[in-house]
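The values are calculated or read from the model by the stated rules, or taken from the named source; none is laboratory data. A quick note: this is a predicted structure, and the numbers were derived from the prediction, not measured. Every residue, glycine as well, gets a Cβ built from its backbone with ideal geometry; the counts of neighbours run over all protein chains shown.
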């Protein structure tokens, strides 16, 4: 494999970690890049799609993205894939075999851990996959290192014929910094070399390759011992020395600028002998890592005394104030109290769906139904668990709504015998991991009604395209999945598949009521685009006629953020029951005219407005 030199002088760019990784992937001469969107990793592929001379795709899920990257690597091309931490769980089947086959062209896997769980269902430390799969792990601490380590990862991958994990965190992904960047180097693929003993992983071929994997790991230990990515920073105060990785290194430097620090950039395998030498130069060694005590355990196992999670938390970011409190305990000092900021009296703003979101009608309808259990999934529609709908009972992982719903049906006893089981899943999540679950429901004759919410976007991560939108990553026209035909193909009877407009509440309610009565698999597909994509067309907005509004509050149960309470009053009904009335207005500048609030309004107080300027929603393209 050969690479030409950069053709222009370096450029100083202001980039986030995600943008820096994308830049380096392009500069490295990568030919194929694949990913599934997931915060905090999404922007890497979105940025890559803007670069020339490179194929980039949104894959149907993370496992497929890694397999696409492996296929390109088999051809001798440099390849890249990206995902968030839970995505590597999905891709792990492919990972655990390709670590045995090895790679040909450089293959880098960027995994973004959501430390602090800002947008995830769990907090996971992806560094474990490096140990589990016997592959190297690089951990940048800022945008410049994200750029440099991505380039280094491709070289490392090709030297040792191994996939390399680039472990990012939310702070790296989204914080911007100056990056000294270069230009693209063209790398010509070496071509596919037929070798069934390497690429066909039947047991007879796989067993002889296992020793090669461990030989590679031994060589990587020597690489780590000499790598410039692992280095010590001197300090005057030798009472405490730190070992740190990723952004935790920056936090240590900020909190304890005079302390010696050993920074691990190539953290798997760790350079244990260099760490032993460093430990001898300080009175006490403290390992600072987010989130699990992984390095701490390895260092202790090597006979090196250290402290770590007995002082520092295993949850969330290790910010300077967190470090200062932990080290104060070590020194026997009074731990500094966290700064208390007086709470501001502001109107509470819980997370909610967008104005006119097509999921609003779905959850309003579900909230009106009784004797029902609702199995949910990962996406914008997970917000249906919140106020005012309270219409989700479970949410586990991508695609789990299907299997959980089937298990509920098969596991129910007499107390739940008459309950209706409904599974709610979005279009992208359905194609990611839900389709297999529906196949299982149909095959095993589950008494489950599936609500497939087709909003023609991966809404939660920014409105990306998927096979249900008819467009690829770069906006080119592609075949669009026919969800009704797909559901029929996996075994749901055509009579039990309905396509409805979620803005038409009576139609949706009737469909749900009828399908939940049928004791066999059924699917209701809601067909309305996300309001934040260019497929959505707003219509004339609505307003409230004050003289007609009775304060019943029915419109508030829809949950649309464009509806605001102007005043509340208590009144006593003829029955003697005291009730609260809520009088409302509609933000006509935000209203898109979906009409959801009109349908439950008994006094017909909501009518079309005549604004001077037609409301136009924000559109993601």
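Identify, please: which residue in the range 470-488 is part of a loop (DSSP other than H, G, I, E, B) and surrounded by 15 or more Cβ atoms within 10 Å (Cβ to Cβ) and is, among those, modelled with the highest pLDDT?
Keep residues of the range 470-488 that are part of a loop (DSSP other than H, G, I, E, B), which gives 470, 472-476, 478-482.
Subsequent filtering for residues that are surrounded by 15 or more Cβ atoms within 10 Å (Cβ to Cβ) retains 470, 472-473, 481.
Numbers: 470: 86, 472: 88, 473: 87, 481: 93.
Only one residue tops the list, namely 481.
May I ask you to say which residue of 285, 311 is modelled with pLDDT of 90 or more and either assigned to a loop (DSSP other than H, G, I, E, B) or surrounded by fewer than 16 Cβ atoms within 10 Å (Cβ to Cβ) (or both)? So that I can check it myself, show each step before the final result.
Details: 285 fails: either assigned to a loop (DSSP other than H, G, I, E, B) or surrounded by fewer than 16 Cβ atoms within 10 Å (Cβ to Cβ) (or both).
Unique residue meeting the criteria: 311.
Take residue 165 and tell me if it is under 21 Å from residue 290 (Cα atoms) and not in a helix (DSSP H, G or I). So residue 165 passes the test.
Inside the range 454-465, residues that are touching a helix residue (DSSP H, G or I) at 6+ places or on another chain (Cβ under 7 Å) and in a strand (DSSP E or B) make up a count of 2.
Against the list (1) within 39 Å of the chain's Cα centre (by Cα); (2) more than 23 Å from residue 380 (Cα to Cα); (3) part of a loop (DSSP other than H, G, I, E, B), the condition residue 582 fails is (3).
Confirm whether residue 499 is in contact with a strand residue (DSSP E or B) (Cβ under 8 Å, 6 or more places away or on another chain), surrounded by fewer than 17 Cβ atoms within 10 Å (Cβ to Cβ) and in contact (Cβ under 8 Å) with a residue 12 or more places away in the chain. Please lay out each step first, then the result.
Details: in contact with a strand residue (DSSP E or B) (Cβ under 8 Å, 6 or more places away or on another chain): yes; surrounded by fewer than 17 Cβ atoms within 10 Å (Cβ to Cβ): yes; in contact (Cβ under 8 Å) with a residue 12 or more places away in the chain: yes.
In short, yes.
Against the conditions (1) in contact with a helix residue (DSSP H, G or I) (Cβ under 7 Å, 6 or more places away or on another chain); (2) at pLDDT 95 or above; (3) not in a loop (DSSP other than H, G, I, E, B), residue 491 satisfies every one except (3).
When residue 244 is tested against (1) buried (at least 23 other Cβ atoms within 10 Å of the Cβ); (2) in contact with a strand residue (DSSP E or B) (Cβ under 6 Å, 6 or more places away or on another chain); (3) assigned by TED's automatic domain parsing to the domain that holds residue 51, exactly one condition is not met: (3).
Residues are listed down the side, and each one gets a yes or a no for (1) in a strand (DSSP E or B); (2) under 30 Å from residue 355 (Cβ atoms); (3) free of Cβ contacts under 8 Å to residues at least 12 places away in the same chain:
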residue: 421; (1), (2), (3): yes, no, no
residue: 428; (1), (2), (3): no, yes, no
residue: 441; (1), (2), (3): no, no, no
residue: 446; (1), (2), (3): no, no, no
residue: 452; (1), (2), (3): yes, yes, no
residue: 467; (1), (2), (3): no, yes, no
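Within the range 182-191, one or more residues are more than 22 Å from residue 69 (Cα to Cα) and either assigned to a loop (DSSP other than H, G, I, E, B) or in contact with a strand residue (DSSP E or B) (Cβ under 9 Å, 6 or more places away or on another chain) (or both).
Determine if the range 83-93 includes at least one residue that is crowded, with 22+ Cβ neighbours inside 10 Å, touching a helix residue (DSSP H, G or I) at 6+ places or on another chain (Cβ under 7 Å), under 25 Å from residue 190 (Cα atoms) and in contact (Cβ under 8 Å) with a residue 12 or more places away in the chain. Scanning the range 83-93 turns up no residue that is crowded, with 22+ Cβ neighbours inside 10 Å, touching a helix residue (DSSP H, G or I) at 6+ places or on another chain (Cβ under 7 Å), under 25 Å from residue 190 (Cα atoms) and in contact (Cβ under 8 Å) with a residue 12 or more places away in the chain.
Can you give me the number of residues within the range 327-353 that are at pLDDT 70 or above, farther than 19 Å from residue 118 by Cβ and surrounded by fewer than 21 Cβ atoms within 10 Å (Cβ to Cβ)?
Step one: filter the range 327-353 for residues at pLDDT 70 or above, giving 327-335, 337, 350-353.
Checking the rest, the ones that are also farther than 19 Å from residue 118 by Cβ come to 327-335, 337.
Then keep just the ones that are surrounded by fewer than 21 Cβ atoms within 10 Å (Cβ to Cβ); that gives 328-335, 337.
Number satisfying all stated conditions: 9.
On the basis of being within 30 Å of residue 372 (Cα to Cα), at pLDDT below 95 and in the same structural domain as residue 431 (by TED's automatic domain parsing), does residue 578 make the cut?
Numbers: within 30 Å of residue 372 (Cα to Cα): yes; at pLDDT below 95: yes; in the same structural domain as residue 431 (by TED's automatic domain parsing): no.
So residue 578 does not fit the description; no.
Taking into account only those residues within the range 228-246 that are in a loop (DSSP other than H, G, I, E, B) and within 12 Å of residue 271 (Cβ to Cβ), which is nearest to the chain's Cα centre (by Cα)? Per the criteria, the residue is 229. Could you list all residues from the range 505-534 that are surrounded by fewer than 17 Cβ atoms within 10 Å (Cβ to Cβ) and in a loop (DSSP other than H, G, I, E, B)? Those that are surrounded by fewer than 17 Cβ atoms within 10 Å (Cβ to Cβ) and in a loop (DSSP other than H, G, I, E, B): 518, 519, 520, 534.
What's the total number of residues in the range 247-282 that are touching a residue at least 24 places away in the same chain (Cβ under 8 Å) and not in a loop (DSSP other than H, G, I, E, B)? Walk me through how you get there before you give the answer.
From the range 247-282, those touching a residue at least 24 places away in the same chain (Cβ under 8 Å) are 247-252, 254-256, 259-276, 278-279, 281-282; that's our starting set.
If we keep only those that are not in a loop (DSSP other than H, G, I, E, B) too, we end up with 247-252, 254-255, 261-264, 266-268, 272-276, 278-279.
Of the residues in that region, 22 qualify.
Inside the range 33-54, residues that are closer than 23 Å to residue 158 by Cα and buried (at least 24 other Cβ atoms within 10 Å of the Cβ) make up a count of 6.
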